[in-house]
Every structure is written in C-alpha cells, then in structure tokens.
Amino acid sequence: MSAPVLDVRSLSVEFESTLGTIHAVRDLSFSIGEGETLALVGESGSGKSTAAMALLRLIPNPPGRISSGAVLLAGRDLTALSEADLRGVRGREMAMIFQDPMMALNPVYTIERQIGEVLRLHLGLSKSEILAEVVELLRLVGVPAPEERARQYPHNLSGGMRQRVMIAMALACRPRLLIADEPTTALDVTVQAQVLDLIHGLKEKFGMAVLLITHDLGIVAETANRVVVMYAGRKVEEGTVGEIFADPRHPYTRGLLGAAKWEEADGDLLREIPGTVPSPFEMPSGCSFAPRCAEAIPLCRSAMPELKDVAPGRPVRCFLAEGRGHG
Amino acid sequence: MRRLATFWLRYRRNRGAVAGALALAVILALALLGPILYPTDPFDMVGRPFSLPFDRFPLGTDVAGRDILAGILNGGRVSLLIGVLASLSATIIGVALGAVAGYYGGRIDDLLMRTTEFFLCIPSFVLAVVLVAIFQPSVVTVTVAIAVVSWPSVARLARGEFIAHRDREYVQGCRAIGMPDWEIILLQIMPNALPPIIVVSSLMVATAILTESGLSFLGLGDPNLVSWGYMIGVARTVLRTAWWMAAIPGVMILLTVLAINLVGEGLNDALNPRLRKR
C-alpha cells in the first residue's frame, strides 16, 4: 500500500470540567489507505465520536482540546494548520456524515442551497453551475426526481433521503476521506442497508478512504476492511475484519462479538458485557476494562497493558492476548 | 410565499391580534397621512385656549390655544418613529452582542454578558433620563437613549437562542464543510433564532413609546416637536378643570401600546415553534 490518506499519530483529546480533566481520547493511532474502510468500534462513551470530531478539529474549545498527537491528511498535519487553512480542508478534502440526518440539515433552507454551500465555499461555482451540480450529486446518491427534490426543504424528505442528501453534500468536492459517524443509527433497518451500499459504492467509484464509526458489528462485517476497537478512550485491538471476527484477542472485542452474535447462540439469552464503561473520573488504576473482564488477573488491576503486536498489524492491549489463540 | 401564507393562517387564529393589527394600521395611517390632510401647525395658537372638543376645533385647544387634533396627529409621528427606530436599533445591538456571546461562549461571552448585566441592573428609565439630560433632548438623543436602555434584554434572549443552536448538528455540519463563523452566525443560525427575537422586539416598540412619552412628559422630549407625552405634560396643571386635554393623548398612547402588544402576542403564536401544533 502507498502512503496512507489519513495517518493519526498518538492523538489525545482532553476536556476540562469542573470535576477535573477528562481524557476522552488517549494516545490513539491508526491510518487509512486509499479506497480503504476503517471501522472505529466501541460502546457509547468509548471516545470514537470524539476522535472523529478531533480529526476535523471540531472539538468545541473550550472546554475541549487536542492535547497531543498529529493528524496527517495526505502528509499534511491538520493540528498545525491555521483556522483559515483548516476551513479549506473541511468539506473539501475531508467530509463528514452525521448520525442524525433529521438534525444535520438546516430547516430553513432548500436542499439545493445546502448542498450548494459546499460548492460555493470551495469551488466558487456560479449559481447555474451549482444547480446543475447539485442535481448531478442528488442523482449520484440515488435521490429520485433530483430537480424537484433540490427545491424542497428538509422536512419534505424522509430520513433515508436526508441521509442521501448528507452524503451528496459530503461528496460534493470529492474528498479524500469520508468520516461517517454512525451514518445509519437513526434510520430504519431496510434503509440502513441501502445507505451502506451507497457509501460503499461511492467509495469504490472515487477511491476515497472511509472512516466508519459504529457500534454495530453487523455493519462492520459487511463494509469495513480493517477494524480499530476502542474502549474508554484507548485503542484496545486492531486488525483486519477477518482477523477480528475469527480471532478476537481482547476480551472486550470478544464481548462485543458475543453481544452481536446472540441470535446464533444456543440459548435465547442476550449475551452482554456486564457493567458499563467506567466514569472518566473513576478510571480504574490498572486496565480500564479489568472491572468488567471475566479473565482479569491481579496484574490487570495494577498496571495498564501496552499495545503489543500478537501478529504483524495486530496490536492488542491485553496482558493475556498472546496466550489466547483461536477461541 | 407559502411561508407567508402559513404565517398568516396561524396569526389569524388569534382574534385579538387581528384587532390589534387593524388598530395599529389605523394609528399608523393617522400618523402618516394626518398631518398632510389636516395641515395645522401643532405649535400655532389657532384660537382661544380651553376650547371644548367638537366645538370650533375637532378636539378643542390646549392651555395655549393650540389645536389638540394637530398635536395628536403630529405627535403620533414622533412617538411611532422614535418607538420603532429605538427598538430596531436596540434589536440590532442586542442581537449582534447576544449572537457573538452565545456562539463563541467562553471569555467573550463572560465579557459581553457582564456588560449586559451592568446595564440591566440600572433602572432603565432613570438611565434614559440621565442620558437625554446630558446630551440635550432631540429626536436623535431620545432614540439613542431608549435604544441604549433597551438592548440588554434582547442580547440575553439572542444569546440563549444561539447557545441552543450552536451545537446542533446542522451547525456542526456547516463547520464540517468549512463555512466561516460569520456565515454560520448570520446565515445559518440567525434565521432559526429570529422568531422569538421578532416577538420581543415588537413588544419593545410599545415600551419605547411609553419611555418616550415619559421623557416628554418630564420635559425631556425634542423641544421642536410635539409628542403625546409632551401634550400630557402640558395638560398636567389643568387636570382638574380640563381633564380631556390629558386624556386624549393618554388614550392614544394606551391604544397604540395595546395594539402593539396584541400584535406581539399574535406574532408569538404564529412564530413560536412550541405553540405551532396548537
């Protein structure tokens, strides 16, 4: 593989609060190549959305800030850019699709105007060019009757249509990287598959890199190439989809897979990971997953394990990872 | 166009608001056209003082023999002009400061809001009196003084609206496509934040008219122009012998303020999203 499109190096994000500093993302590193889909997986509160926002430097500051690390997009460090230069990157080289398409469009403007904003800001197209391009984009994302839809307001569109509009907006400038933050969580199951297929097809067509943020392992299995599992702000395991699903080494990954595969299990019981993500103010002294881990040994409660390669490109943050073969 | 139609449909449901709009239209027409159709100079001594209404002059004459109807018509211009201009400027100042404070938060917010609170804790009428007294009464100083004492409430409201909107996903989305802050504030959040602000600033016109009347009553109005407050001030000394002299401009103020308040209520019903489903 050539140089990665996105290279995130030891990214840390902190939030100041009255109760103390919250380390929402700690020392997170990953990279995505051209045409590759990387899934960032974890429960609510694991820091995956924060990490995505930090890539575009959209963390509200104050209270949040990127405390260390670098985000290299095609070799350029975004954390070092000025606000003005950054605006040239946002929407043009790196675009984002949000979780809830109901909320992500401005209710007072037409679809044409909203998709047109991107084209106006970055490509400086004229009014008639914008209309033509908007219709073309809507057609590209499979919106029927695009000329008509372009003139409508967000409330005239269904959730799936709105998410298509969001995708059209994100793709308007053919970005190198598309960040999709739980793009289908707010949609009906039937529409979910359509939207995922659309993202996948467009990725193939334009050779984009895609960062898919999700907690749904079913989606991961269908669309991603590689997976980064996050827990309490840290990466705990990384690998290709095949490796993660066939040979999960971290007990948290195993728990997630167990919870996802409950339908296939022999009983009807929903297998879950006991407990919840620890509060950022009460992080355990050792491994942050230790309190919920059935396999924890005394060492886990006193020291935080480092990421260690169990195989090339397979870092796992667990003391017992190596001994845990196919299980 | 369709938005205007739905707005009217909602507005129409409040009968008081329709009556208010009608009354306001009549008052506006009187103020705009009256002095042209009835071109008596309100400062001219046209007849004997204390002439009764419906006698030689439609509404009689005041203590100096000046035509009261001419005063009402010309005074209406002044009162409405000052009321509208003052609340418009107060709205612009308030929205600008509130928007910046709410959108950016942090230290800018602290600075702007402490300033706003400073203005809020001084009794506004007293401050207006002081300002006009310092800068010589004229239409401009009275308007500015009323604007200066009125903007803080708008600023607080605008700030609240901007805080509610700044972290919405559509705003995040605008940031994510590289839109500059001023565009997000002016073109994206503003149209969404405006309805409650319109309601408050329409009601502020009524308060501004009352403040102006109060200032003129105290002799702090523009000395070259008649206003309703000034007429009441002149009639004050003869309240027991010629009560109508104060009552006529008083009723005009009452009607105007009432009409504006009714219109404001109607706007609130029509624009407030929380009441839309009613």
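Averaging over all projection directions, the Cα-based convex hull of the stretch A:130-226 occupies 6.1 nm² in the image plane.
Here, chain A yields an orientationally averaged convex hull projection of 17.9 nm² when only Cα atoms define the hull. In the protein assembly as shown, taking the dipole from charged Cβ atoms about the Cα centre, the farthest positive-side position among A:Ala259, B:Phe125, B:Ile177 is held by B:Phe125.
Charging the Cβ of each Asp and Glu at -1 and of each Lys and Arg at +1, and nothing else, the dipole of the stretch A:192-302 about its Cα centre rounds to 480 debye. Each residue in B:Asp109, B:Asp222 was given a count of other beta-carbon atoms within 10 angstrom of its own, and listing them fewest first yields B:Asp109, B:Asp222. Counts of other chain beta carbons within 10 angstrom of each beta carbon in peptide B:163-175 average 6. Return the sequence-ordered ³J(HN,Hα) values of the stretch A:253-259 in whole Hz as given by the Karplus equation 6.51 cos²θ - 1.76 cosθ + 1.60 applied to θ = phi - 60°, using x for Gly and Pro. Calculated HN-Hα couplings, in order: 4, 4, x, 4, 5, x, 5 Hz.
Inverting the pair-averaged 1/r between distinct Cα atoms of chain B gives 20.6 Å as its Kirkwood hydrodynamic radius. Across the stretch A:94-172, the relative contact order, built from alpha-carbon pairs under 8 Å that are at least six residues apart, equals 46 percent.
Counting only residues at least eight positions apart within a chain, or on another chain, the aspartates and glutamates with an alpha carbon under 18 Å from that of A:Lys205 are A:Glu34, A:Glu36, A:Glu93, A:Glu133, A:Glu136, A:Asp197, A:Glu222. Shown here for the stretch A:198-263: GluC sites (Glu not before Pro) in loop regions (DSSP other than H, G, I, E, B) with at most 10 other Cβ atoms within 10 Å, namely A:Glu263. Here the Debye sum runs over all C-alpha atoms of the protein assembly as shown as equal scatterers in vacuum, and log10 of I(q)/I(0) at q = 0.12 Å⁻¹ comes out as -1.16.
The calculated P(r) of the stretch A:94-172, using every Cα pair and 5 Å bins from 0, goes 3, 18, 31, 28, 15, 4, 0 in percent.
Of the beta bridges in chain A, as assigned by DSSP with both residues counted there, near 60 percent are antiparallel.
Using a 10 Å cut-off around each Cβ, can you sort B:Arg15, B:Arg77 from fewest to most neighbouring Cβ atoms?
B:Arg15, B:Arg77
Just to be sure I understand the rule: take each whole DSSP H helix in chain B, project its Cα atoms onto its long axis, keep it if the span is 24 Å or more and its mean Kyte-Doolittle hydropathy is at least 0.0. Which ones pass? TM-like helix candidates: B:15-37, B:68-104, B:139-166, B:190-217, B:244-271.
Of the residues A:Cys173, B:Cys121, B:Cys174, A:Cys293, the one with the fewest other Cβ atoms within 10 Å heads the list, and the complete ranking is B:Cys121, A:Cys173, A:Cys293, B:Cys174. Eigenvalues of the alpha-carbon gyration tensor of the stretch A:154-292, scaled by 5 and square-rooted, set the equivalent ellipsoid semi-axes at 30, 18, 16 angstrom, largest first.
Using only atoms on other chains, find how many Cβ atoms lie within 10 Å of each Cβ of peptide A:104-117 and report the average.
The shielding value for this peptide is 4.
Between the helical axis of A:127-140 and the longest alpha-carbon principal axis of chain A there is an angle of about 50 degrees. Here the protein assembly as shown carries DSSP beta bridges of which approximately 60% are antiparallel, counting only pairs with both residues inside. Each Lys and Arg Cβ is given +1 and each Asp and Glu Cβ -1; about its Cα centre, the stretch B:34-180 then shows a dipole of about 260 debye. Could you work out, residue by residue across B:8-18, how many beta carbons of other chains sit within 10 Å of that residue's beta carbon, and then give the average as an integer? Mean shielding count: 0.
Here, the stretch A:188-249 yields an orientationally averaged convex hull projection of 4.9 nm² when only Cα atoms define the hull.
Bear in mind that the values in this text are calculations on the coordinates, not laboratory data. This is a predicted model, so every value here is computed, not measured. No Cβ is skipped: glycine too gets one built from the backbone with ideal geometry, and neighbour counts run over all protein chains shown.
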